1. Any residue in the stretch A:87-110 that is under 20 Å from residue A:208 (Cβ atoms) and within 14 Å of chain B (Cβ to nearest Cβ)?
2. Just name the residue that is surrounded by the most Cβ atoms within 10 Å (Cβ to Cβ) out of those in the stretch A:119-144 that are within 13 Å of chain B (Cβ to nearest Cβ) and under 24 Å from residue A:65 (Cβ atoms).
3. If you scan the stretch B:275-285, which residues turn out to be part of a strand (DSSP E or B) and farther than 25 Å from residue B:249 by Cβ?
4. Give all pairs with beta carbons closer than 9 Å in which a residue from the stretch B:292-303 that is more than 14 Å from residue B:328 (Cβ to Cβ) meets a residue that is assigned to a helix (DSSP H, G or I); count only pairs at least 6 apart in sequence or on separate chains.
5. When the stretch A:113-132 is examined, which residues are found to be farther than 19 Å from residue B:133 by Cβ and assigned to a helix (DSSP H, G or I)?
6. Among the residues of the stretch B:314-344, how many are among the small types (Gly, Ala, Ser) and over 26 Å from the mean Cα position of the chain (by Cα)?
7. So residue B:23 fits all but one of (1) of a type in the set (A, V, I, L, M, F, W, C); (2) within 13 Å of chain A (Cβ to nearest Cβ); (3) surrounded by fewer than 22 Cβ atoms within 10 Å (Cβ to Cβ); what number is the exception?
8. If you check B:293, B:309, which single one turns out to be under 27 Å from residue B:200 (Cβ atoms) and at pLDDT below 90?
Amino acid sequence: MFELFKNLGTWLTSGSQWAGQDGIAHRLGEHLQYSLLATLIAAAIGLPLGLLIGHTGKGAFVAINLASFGRALPTVGLVVLVFLAGGLSMLPVYVALVALAVPAIVTNTYAGMTAVDPDVKDAARGQGMRGHQVLLQVELPLALPLIMTGLRLALIQVVATATIAAYVSFGGLGRYVFDGLAQRDLVQVLGGAVLVAVVAVVLDLLLSSLQRFLFRHRTA
Amino acid sequence: MIQFDAVHKRFPNGTTAVHDLSLEMPEGGVTVLVGSSGCGKTTTLRMINRMVEPTSGTIKVNGKDVTQQDAAELRRSIGYVIQQAGLFPHRTVLDNIATVPLLLGWNRKRARARAAELLETVGLAADAGKRYPHQLSGGQQQRVGVARALAADPPVLLMDEPFGAVDPVVRTQLQDELLRLQKELNKTIVFVTHDVDEAVRLGDRIAIFRTGGHLVQCAPPAELLARPADDFVADFLGAERGLKLLSLQTLAAVPQGPAPRGGDWTLVLDPAGKPLHWSSKETELPVRPLKDGDSLLAALNESIASPSGLVARVDADGVLTGVSSRDDIHVHAGQAHSAARVVAA
């Protein structure tokens, strides 16, 4: 056991492991690229949807059911399904990652919108704000902390799951996991897994401190 | 002026909130809508700025039918204050107050300058402008709510139980402030409350509503207290409505005489002639001198509390002008009460 961790340490810190086409730096770049792009697409879908449901109060069941749908979704199954239907490309990976991220974004955006004090919305309308002004000037800024939490959760989930890109022969940190499994190289598997975990944790910490900084004037 | 003409409001669930309401709210006056919860007073108020649409009938503000106007523009021309203040928690106090001017397209500098001016108008320190609403007390938040409603200088102000959520001491202060402001600004104010005392204090006219959205009586406070239209109004005003009526009359007309000398109780004055306390051989008791502008109710109270049965009267500077006896005050109170009945009749 101790031997394993010692080898893992060597693997993670050796310069040759970080350099080149198959190096950690390059794989990390790929991994972040997949994750950010997928989260961005998911945000472009999930944010307007969550805001619309929250603002109009219509279609709340969509937001609520989407959450359980998201939890139940078999990600790898989805990759395989789109792969079989559409052939080998990054598309199945992105479809799976976006499908994973959208529910967290929609439900948190919706939750943020419903948490806005009805008295404040009433006052906004009563002062003469039109619907879009209430949305943009009052509801959105007040829902923003929860919206950002949703984006953060989505990104973390996506980072953790983007290893499946390697499953359909693409790059990212999942490469080490799947290659290591194929080569029965436990150190490489563990190295890949540790890297993914570290990236997820670091991103989470960065984003939550950004949130704390942005909303330092808020009470709860 | 605000006119309601045969206004009905029935909600989709079938309840009638306002039933055949015809009512005029005079310009430059405070009309208080009062009644127990569910009587339609808030719905009535919210129909004026179209937060609620009437089912039938017309509502006119300064001669113009509200339903013929753009709702958002109408609301910008009418001040609106609600119970929990409803301040925007993510905006500074100054930006909260500047809301309507900014909606009207003023530039930010002018809107902020106007907001700063209003902070002073409602009795808040200038540095409160940089704070966020949650950093203020409930009473201060309510002041900001009033300032926000006044920002674009609207002729009409709607206030929906604005002082309902603050403690009694602050509530009295806010009521005094509102009366002071109203003397200066002369707005047409519609004020909703379920508190009869608040209604009597603030209202030029009081409209009493009964469950089901029926207007029962609308009259100046003295008339309402002296001649309630029916048992419902009498019950609503409470058993002490005779005393409440006295709160509307001043002490000025009650005769006064010189302070007694050599009796059981002597009124001790300071060198400037201001009353200090009541003194007997054994003890000293506090005195609460009253001015001409104080109410008959306060005088009645003081005549009971005063050990000598005499009420010390002072001028604006607090210098003793004379004393009034318990009997004189009582007789005068009785006369004032029956006079109010006769005038009302």
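1. no
2. Within the stretch A:119-144, the first condition is being within 13 Å of chain B (Cβ to nearest Cβ), and the residues that meet it are A:119-134, A:136-144.
Next, only the ones that are under 24 Å from residue A:65 (Cβ atoms) stay: A:139-140, A:143.
Working: A:139: 22, A:140: 20, A:143: 25.
Applying the filter and picking the extreme gives A:143.
3. Let us first name the residues in the stretch B:275-285 that are part of a strand (DSSP E or B), namely B:275-279, B:284-285.
Matches in the stretch B:275-285: B:276, B:277, B:278, B:279, B:284, B:285.
4. Taking only residues 6 or more apart or on different chains, the pairs are B:294/B:302; B:295/B:246; B:297/B:243; B:297/B:244; B:297/B:245; B:297/B:246; B:297/B:333; B:298/B:246.
5. Pass one, the stretch A:113-132, residues farther than 19 Å from residue B:133 by Cβ: A:113-114, A:128, A:130-132.
Within the stretch A:113-132, A:113, A:114, A:131, A:132 qualify.
6. Residues of the stretch B:314-344 that are among the small types (Gly, Ala, Ser), as a first pass: B:316, B:318, B:322, B:324-325, B:333-334, B:336, B:338-340, B:344.
The next check asks that each one be over 26 Å from the mean Cα position of the chain (by Cα); those that pass are B:318, B:322, B:324-325.
So the count comes out to 4.
7. (2)
8. On the way: B:309 fails: under 27 Å from residue B:200 (Cβ atoms).
None of the others qualify; the one that does is B:293.
The values are calculated or read from the model by the stated rules, or taken from the named source; none is laboratory data. Nothing here was measured: the structure is a model prediction, and the numbers come from that model. Don't worry about glycine lacking a Cβ; one is built from the backbone with ideal geometry, like all the others, and counts go over all protein chains shown.
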